[in-house]
Amino acid sequence: MGLAIPIASTIGLATLSVATFEISDAHQSAKGWTYPPACCKPHEVGGDCEAIPSVTVRRGPRGFSVFLHPGQHHLVTHNHLFFIPYGNELPSGDGNYHICLHPTENYVNCFFAPPESA
């Protein structure tokens, strides 16, 4: 019976360590949902994912066009036009558009759209 307590403590510590690792692998949006680790690289201050204004996104016949200007995403320093084909978007966790730019501001790593927008 004395052995059960240290094992339970070890399991609890291991669980806490794994949870801490998972949280540090990605960051959360301002609304509190966590971006997938494959999308968000937390090495930069604020990560590389962020909500973007819906006015920056246009739906076309083949996909989404995203027009970003400095100030609309914390990594953007000049104007960008990105195209995301339908089927390449991920469902947004809060009903807003989000974009992850990595390895630089010139590349879309992940794009999140409200489910009804696809």
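The values are calculated or read from the model by the stated rules, or taken from the named source; none is laboratory data. Fair warning: this is a prediction, and the values are worked out from it, not measured in the lab. Cβ sites come from the backbone with ideal geometry, for glycine too, and all protein chains shown count toward neighbours.
Annotations
- The residue that is farthest from Thr34 (Cα to Cα), counting only those in the range 50-109 that are of a type in the set (A, V, I, L, M) and part of a loop (DSSP other than H, G, I, E, B), is Val76.
- Taken over the range 68-87, the criterion of being in contact with a strand residue (DSSP E or B) (Cβ under 7 Å, 6 or more places away or on another chain) and modelled with pLDDT of 95 or more is satisfied by Phe83, Ile84, Pro85, Tyr86.
- Residue within the range 38-46 that is basic (Lys, Arg) and at pLDDT 85 or above present: no
- Counting only residues that are touching a Phe, Trp or Tyr at 6+ places or on another chain (Cβ under 9 Å), surrounded by 12 or more Cβ atoms within 10 Å (Cβ to Cβ) and not β-branched (Val, Ile, Thr), the range 73-90 holds 7 of them.
- Residue in the range 78-100 that is touching a Ser or Thr at 6+ places or on another chain (Cβ under 7 Å), of a type in the set (A, V, I, L, M, F, W, C) and closer than 18 Å to Ser54 by Cβ present: yes
- Any pair with Cβ under 7 angstrom, 6 or more apart, that starts in the range 75-98 at a residue that is closer than 11 Å to Val57 by Cα and touching a residue at least 60 places away in the same chain (Cβ under 8 Å) and ends at one that is among the hydroxyl-bearing types (Ser, Thr, Tyr) and part of a loop (DSSP other than H, G, I, E, B): His98/Ser29; His98/Ser92
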